[in-house]
Amino acid sequence: MADSRPPISAAELAAGQVAAIVTAAEQAAEEIVAKAERDAREREREAERTAQRLQQEGQREGDKAKEAAQGEAVRIAEIARKEADQRIEGAQEAADDALAQAEAISAGLRQLAASLEGQAERILRDVQAGHRRLMGDLRPERGPSAPAERSTSANPFDDVEVPRWVERAP
């Protein structure tokens, strides 16, 4: 069997092997690149899913925190409203007490004023009567007939002359 091909030299054989190795290496590199791209895309999708999951968890946690904060705000507002109502009620009671005390003091002062006015009028009448008696005692008699000239009215003070500077009671 004779081969019609010319004999292959070692260099050609080596070049063929190198070419086969390069081709295999290129194919392996393409496969590695394709696998790396697939892995990268998968990792990217996984990262996106993780990011989305974390975002959703964060949103849920944020919503829970917001609800808790709103509930706490409502609770605090209710406590503040109750305290304000209690303070208002206390202030109203204090104001009512102060008004009642002022009315009682006013009534007492009116009674005191009426009592003092009555006492003042009695004192004035007593002083006026005493003054009339004193003035009567100080007047000179008009002679021997003076006692006969005196009036015989029921009130012995009717004949007493009151000085002009003394006001008469109404």
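Values in this text are rule-based calculations from the coordinates and carry no lab data. Given the structure is predicted, the values throughout are model-derived calculations rather than measurements. FYI the Cβ positions are ideal-geometry reconstructions off the backbone, even for glycines, and counts take in every protein chain you see.
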Problem - Candidates 60, 132, filtered to the one that is basic (Lys, Arg) and within 30 Å of residue 161 (Cβ to Cβ) - result: 132
Handout entry: Test: residue 53 is in a helix (DSSP H, G or I) and within 59 Å of the chain's Cα centre (by Cα)
Key = yes
